[in-house]
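Enquirer: Got a structure here, written out as structure tokens. Questions coming.
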Ligand code: GLU
């Protein structure tokens, strides 16, 4: 029987969580959940100049938002590389004792000069091995690599990938300042944390033969490796800031629900037949490495919006209400206290919205009376006849005891019949008056949600705009716009 699955996600905390890394985290999480295994979070903070506490916080926050909780990891001690120097030290000493590693005191300037020469010749730099047999007792610690032969990485996605040793060199395990290098820490960590499957981006594939040789030198069995292809921008270069938003938080702030992000990321490189929409439970049930493709996936914002729209439509209204609140605040509006009401509002907005931001934009009028009306529509609708119709609507609506969508619709139909008009003639006039524009969720639902008092107040303001008093009335409400036909005074 194979040992229980243990996977890891080891971000380097040098910035926000990139969507590419988020997808790596997701694949690891899904693999662990699918196999009933353990998902470990490890913070790779050995590069102290580039690692920050803010980045750690930001990455953890993004993972929590995505719902990728870790089974082992911080704040428990021992999951940050900077807390593990003792373990790396022990392993380094072991390699020195067994003769698999040696100290090198070549001055950095000399190595740099050699690197430049190799570059000029168009060759990859390889350490000359000058200190290999000098038996030094201090300096940078290098791994002794067999000069001949090759190392084959058996990759679950790419198949066997062969690296000739002539392409590798005696790489540094521990720098002369005693800081262990990334490749060494990863091997020691993965072994000591009992990792069974290393699932990571294929930008790390070229590191893997070095790591494989290090496992061998330490006498450890290899884990399985699965290198997942990079995510590309539409121009087929690696997805980066040039392509727009790349951090998980940026998508959260753009109003994508976490379930949409997870669904979208899962399909970037993995497939299950032609299914596009997955619940988290379905992903856990179906996820496997066999169906991760070997070629890179292109990040498609249009598809993300489509997936986002699906999950906005699927969310329970109460949940949507909660999700909307920060977006309402961010738009400079005051979120209503009545959550149930906000849930109903959300329900009217989600049909047409791709994101939570869209919902707030399209539903601004629910939280604030329009400050102005679409000028073109106002010019055609807020006219003499428009004013008469508004006055009639105000009378009828004021007499309506129950402000419910169906009753309001019936009221509008009756009045339209009486006046020999079409329903739309009254509806567009009302829509402009209460929302400021000519597109909105179904009008009678909007009126019912705004309620009688607010609807009437907005219609009255519109009426004054359509039928301005000839003399300034001195009324306490300021005119919403200058009286029609008023000459501009410069
Ligand atoms: N810390 C590395 C990174 O953020 C991951 C290394 C690995 O998965 O082995 O790219």
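No value in this document is a laboratory result; all are computed from the given coordinates. From a predicted model like this one, the values you see are computed outputs, not experimental measurements. Positions of Cβ are backbone-derived with ideal geometry, glycine not excepted, and every protein chain shown enters the neighbour counts.
Enquirer: Please figure out what share of the DSSP beta bridges in the stretch 121-229 is antiparallel and state it in percent, rounded to the nearest 5. Don't skip to the end; give the middle numbers.
Expert: Details: 9 of 15 bridges.
Of all bridge pairs located within the stretch 121-229, approximately 60 percent are antiparallel.
Enquirer: Can you sort 171, 29, 306, 270 from fewest to most other Cβ atoms within 10 Å of each residue's own Cβ?
Expert: Going from least to most buried by this count: 306, 171, 270, 29.
Enquirer: If you take the alpha carbon radius of gyration of the stretch 302-458 and divide it by 2.2 N^0.38 Å, what ratio comes out, to two decimals? Intermediate values should be presented prior to the final figure.
Expert: Values: Rg = 16.4 Å, N = 157, 2.2 N^0.38 = 15.0 Å.
Against the empirical 2.2 N^0.38 Å value, I get 1.09 for the stretch 302-458.
Enquirer: Treating each Cα of the chain as an identical point scatterer and ignoring solvent, apply the Debye formula and state log10 I(q)/I(0) at q = 0.09 Å⁻¹.
Expert: -0.75
Enquirer: Let me ask another. Over the stretch 61-179, how many percent of alpha carbon pairs lie in each 10 Å bin up to the one with the longest distance?
Expert: Percent of pairs per bin, in order: 11, 28, 29, 22, 9, 0.
Enquirer: Which order results if 199, 424 are arranged by neighbouring Cβ count within 10 Å, fewest first? Mind showing how you got there, number by number?
Expert: Working: 199 26, 424 12.
Ranking 199, 424 by Cβ neighbours within 10 Å, fewest first, gives 424, 199.
Enquirer: Right, another one. Please report, in whole Å, how far the alpha carbons of the stretch 12-100 spread along each principal axis, starting with the longest.
Expert: Taking max minus min along each principal axis of the Cα atoms, the stretch 12-100 gives 45, 34, 24 Å.
Enquirer: Counting each DSSP H run of 4 or more residues in the chain as -39500 (n - 2.57), what helix-only mean residue ellipticity at 222 nm follows after dividing by all residues, to the nearest 500 deg cm²/dmol? Mind showing how you got there, number by number?
Expert: On the way: 18 runs with 225 residues, N = 490.
Helix-only estimate at 222 nm: -14500 deg cm²/dmol.
Enquirer: Starting with the fewest neighbours, write out 461, 298 ranked by other beta-carbon atoms found within 10 Å of each beta-carbon. Each step should come with its number before you reach the end.
Expert: Details: 461 20, 298 14.
Arranged by neighbour count, lowest to highest, 461, 298 become 298, 461.
Enquirer: Separate question: Per residue, what volume in Å³ does the Cα convex hull of the stretch 252-295 take up?
Expert: Values: hull volume 3.6 nm³, N = 44.
Output value, Cα hull per residue: 81 Å³.
Enquirer: Need one number: the % of Cα-Cα pairs in the stretch 241-321 sitting beyond the 14 Å mark.
Expert: Working: 2111 of 3240 pairs.
Summing the P(r) of the stretch 241-321 above 14 Å gives 65 percent of all pairs.
Enquirer: Moving on to the next point. FRET efficiency for residue 341 and residue 457, Cβ-Cβ distance as r, R0 = 22 Å, nearest 0.05?
Expert: Values: r = 17 Å, r/R0 = 0.79.
After rounding to 0.05, the efficiency reads 0.80.
Enquirer: P(r) for the stretch 349-429, please, calculated from all Cα pair distances in 5 Å bins and given in %.
Expert: Over the stretch 349-429, the share of Cα pairs per 5 Å bin runs 3, 12, 17, 19, 21, 17, 9, 3, 0 percent.
Enquirer: Do me a favour and compute the ellipsoid semi-axes for the stretch 148-269 from its Cα gyration tensor, root of five times each eigenvalue, largest one first, whole Å. Spell out each step's value before the answer.
Expert: Working: eigenvalues 208, 58, 50 Å².
Those come to 32, 17, 16 Å.
Enquirer: Counting only DSSP beta bridges with both residues in the chain, what percent are antiparallel, rounded to the nearest 5? Can you show the working numbers first?
Expert: Details: 16 of 31 bridges.
Here the share of antiparallel DSSP bridges comes out near 50 percent.
Enquirer: Counting only C-alpha contacts under 8 Å and six or more residues apart, can you give the relative contact order of the chain as a whole percent? Mind showing how you got there, number by number?
Expert: Working: 698 pairs, mean separation 58.2, N = 490.
Over the chain, the number comes to 12 percent.
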